[in-house]
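The values are calculated or read from the model by the stated rules, or taken from the named source; none is laboratory data. As the structure is a computational prediction, the values presented were derived from the model and not from experiment. So basically every Cβ, Gly included, is an ideal-geometry build from the backbone, and we count neighbours across all protein chains shown. Ligands, DNA and RNA are excluded from the accessible area calculation, which covers all protein heavy atoms including side chains. Shrake-Rupley method; radii C 1.70, N 1.55, O 1.52, S 1.80 Å.
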Amino acid sequence: MKEFTNRVAVVTGGASGIGRAMADRFAILQNWRKQIAEKRGLDSVLVISRQALWEIARELPRDLESLAKIEGMGKWRLANYGESLLKVIATLR
């Protein structure tokens, strides 16, 4: 059975824990992005893309070097959001 969350299919049953866990991590990362965007008066996509959030939810980078390998995480985003994002990621492990 498939369940659609934010337009991404999450397989339920069997290996659902993995799909559900990643969807939950993505939701937490989206909430972080929304808070940053509101604080800075920006559209959330300007903070970081959905694609990058999904990759972060999957990879769970541990440091700025590994976070820099995520597509869309350039020097500016790393300098402005990297440490804050790593704190959130640490809570997801």
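Kindly provide the set of residues from segment 55-87 that are out of contact with any Asp or Glu (no Cβ under 8 Å at 6 or more places or on another chain), crowded, with 18+ Cβ neighbours inside 10 Å and under 22 Å from residue 19 (Cβ atoms), ordered by number.
Selection gives 56, 57, 61.
In the list 52, 37, which residue meets the criterion of being without any contact (Cβ under 8 Å) to a residue 24 or more places away in the chain, among the hydrophobic types (A, V, I, L, M, F, W, C), under 19 Å from residue 75 (Cβ atoms) and open to solvent by less than 30 Å² (accessible area, probe 1.4 Å)?
Matching residue, one of 52, 37: 52.
Can you find a residue that is in contact (Cβ under 8 Å) with a residue 40 or more places away in the chain, out of contact with any Gly (no Cβ under 6 Å at 6 or more places or on another chain) and not basic (Lys, Arg) anywhere in segment 61-81?
Among the residues of segment 61-81, at least one is in contact (Cβ under 8 Å) with a residue 40 or more places away in the chain, out of contact with any Gly (no Cβ under 6 Å at 6 or more places or on another chain) and not basic (Lys, Arg), which makes the answer yes.
Going by what's in this entry, would residue 35 be described as over 19 Å from residue 93 (Cβ atoms) and at pLDDT 95 or above?
Yes; evaluated as a whole, the condition is true for this residue.
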